[in-house]
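Q: Input: one structure, supplied below.
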Amino acid sequence: MTSVQELSLKIKDNVKEVIIGKESAIELLLVALICEGHILLEDVPGVGKTMLARALAITIGGSFKRLQCTPDLLPNDITGVSIFNQSSREFFFRPGPVFVNILLADEINRATPRTQAALLEAMQEQQVTVDGISHPLPKPFIVMATQNPVEFEGTFPLPEAQLDRFMLQVTLGYPSTDEEKLILVRLSKEHPINNIKEIIDLQEIVNLREEIWNVHVDETIQDYIVALINATRINPDITLGASPRATLALFKGCQALAALRGRDHVIPDDVKYLFIPAISHRLMIRPESALRGKNSNSMLKDIMDTVPIPLET
């Protein structure tokens, strides 16, 4: 798995020219990229969510589009529309912005539920259907959706069915004092996004996917993953636990993470590292539990503390 690790280090170093001090977030993005999973970026404005998506797209040589979600955005504004050609007397399909490798759906919760639903088929089936005709999307295809967790006026919360289609939830957080000083130095003349280059091509990403499926996951690790997921379903503070789709996302993510770190097998630390990013956004907390100060992250930490960790062999 050294080839996967070497490529991942090149990607990280390139993206870090633009995004400073967020190695964990970059690593999670790489996990999702290799698994062709979607990312929910939930953080306050101005911490670099859009720039992170742009830097990753440039690094892998992929196409990138930003979709600014607003209440007046229509489903056809995302998927595309059939237009009648008067000269040929036929309809032709004009693709929407979803036909890219990396789609940034900025402030996705400001779009109406009908427009949000337009992304469901694209995220799950890697295609869109317009006027009864299915159109395949480019490969790889990833949705990176952003949400502002502190402003809810004029927003439409994502339904559980759509949240469940995001493989990982990632937060960036504010930079440290030293990191913020370095940002000022980097931006004193020209934005570094203008100088980063393509490091690998899309075919290499596809090849990485084929490699990670060979990462070994011992039966004890599989049992550990299932036990953690089951614990979310029987927790009295949680009304909706993790789905089987979540189990698969955690399993695949652990394989990718192990390969990125140069191993050909998954260890318990991989599972613990990805458990909260892969599961927290999928849970529904009882209102009375939320009033007592409980949230998804704190309950998932409690679950990890109670579920026995398998011994490495």
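Every read-out reported here was derived from the displayed coordinates using simple, explicitly stated rules and does not represent laboratory data. Every value quoted in this text rests on a predicted model; they were computed, and no experiment measured them. Neighbour counts are summed over all protein chains in view; Cβ atoms, including those assigned to glycine, are modelled from backbone coordinates with ideal geometry.
Q: Using Cβ contacts closer than 10 Å as the measure, can you line up Ser296, Ser134 from fewest to most?
A: Fewest to most other Cβ atoms nearby, the residues stand as Ser134, Ser296.
Q: Go through Phe93, Asn230, His38 and say which Cα lies farthest out towards the positive end of the charge dipole of the chain; charges sit on Cβ, +1 for Lys and Arg, -1 for Asp and Glu.
A: Positive-most Cα among the choices belongs to Phe93.
Q: Using label points projected 7 Å from each Cα along Cα→Cβ, tell me how many nm separate Ala290 and Thr70, to one decimal.
A: Here the answer is 2.9 nm between the modelled labels.
Q: On a 29 Å Cα-Cα criterion, which of the cross-link pairs Lys181/Lys252; Lys139/Lys181; Lys197/Lys272; Lys139/Lys252; Lys65/Lys189; Lys65/Lys252 come out too long?
A: Check vs 29 Å cut-off fails for Lys181/Lys252; Lys139/Lys181; Lys197/Lys272.
Q: Restricting things to alpha carbons, find the Rg to Rh ratio for the chain using the Kirkwood radius for Rh.
A: 0.98
Q: Defining a contact as two alpha carbons under 8 Å apart and six or more residues distant in sequence, what relative contact order in percent does the range 78-146 show?
A: Relative contact order of the range 78-146: 37 percent.
Q: Next up: Compare the Cα positions of Ser289, Ala258, Pro244 along the charge dipole of the range 213-313 (+1 at Cβ of Lys, Arg; -1 at Cβ of Asp, Glu; about the Cα centre) and return the one farthest towards the positive end.
A: Ser289
Q: For the range 213-313, with equal point scatterers placed on the C-alpha atoms only and solvent neglected, what are the log10 I(q)/I(0) values from the Debye formula at q = 0.16, 0.17 1/Å, to two decimals?
A: Calculated log10 I(q)/I(0) at the listed q: -0.64, -0.72.
Q: Under unit Cβ charges (Lys, Arg +1; Asp, Glu -1), what dipole magnitude, rounded to 20 debye, does the chain have relative to its Cα centre?
A: The dipole of the chain has a size of about 500 debye.
Q: Relative contact order (percent) for the chain, with alpha-carbon contacts under 8 angstrom and 6 or more residues of separation?
A: Reported relative contact order: 23 percent.
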